1. Heads up, I need the accessible area for Val63: 1.4 angstrom probe, whole protein in place, Å², nearest 10.
2. Kindly report the accessible area of the stretch 1-82 per residue (heavy atoms of protein chains, probe 1.4 Å, no ligands, DNA or RNA), in Å².
3. How much of the DSSP bridge set in the stretch 1-100 is antiparallel, in percent, rounded to the nearest 5?
4. In what sequence, highest mean first, do 103-112, 52-61, 31-40 appear when ranked by Cβ atoms within 10 angstrom?
5. How would Phe155, Phe176 rank on accessible area, largest to smallest, probe 1.4 Å?
Amino acid sequence: MNPQAGSLDAAQVWAWLADVPDPEIPVISVVDLGIVRTVEVTGARACVVTITPTYSGCPAMQVIADAVTEALRAHGVEHVTLVNQLSPAWTTDSMSDEGKAKLKGYGIAPPQQQVIDISGLGRGAAVGVKRVAMPKLDVICPNCGSNHTQLTSQFGSTPCKALYKCIDCREPFDYFKCH
């Protein structure tokens, strides 16, 4: 729907934003990544889009904000207001299943587990606080599907990723870290 021909629809805005690629991983959209939190239509040619960075200080946020604004203006939305929301923080749980599949197809292993909320641990005295053992992470190779992989470095091509290698196919690959 063209906003100049009628009223703006939130579902259409979401669809337009689903075509805006992440600048660091262009195969996944900012919607699939979970960066876009809400869309609110405020007029015939106006909307408010709430976005959340993947981590505090993410250098791509200005590029993402500009791309969101440009995409909506290209569709006739004259007034785009962006709201940066830091809380609740973005986690890999915000990613869509389709986005995770796109990562895998691109050669990046998607997050293998859900984020565990440990915010209640360690508050106050240590009396009665139990330590939580983190399960061993089986990172699946996006190239051959093997779970015989090994962490090479906690730091991959971007701060959101770690570098792994597959023992079976011997190929290196990025793993999108859970956070």
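The values are calculated or read from the model by the stated rules, or taken from the named source; none is laboratory data. Predicted model only: the values in this text are computed from it and were never measured. Positions of Cβ are generated from backbone atoms using ideal geometry, with glycine treated the same way; all protein chains shown enter the neighbour counts. For accessibility, only protein heavy atoms count, side chains too; no ligands or nucleic acids. Shrake-Rupley method; radii C 1.70, N 1.55, O 1.52, S 1.80 Å.
1. For Val63, the solvent-accessible surface is approximately 80 Å².
2. 45 Å²
3. If I count the DSSP bridges inside the stretch 1-100, around 55 percent turn out antiparallel.
4. Highest mean packing first, the order is 31-40, 103-112, 52-61.
5. Sorted descending by solvent-accessible area, the residues read Phe155, Phe176.
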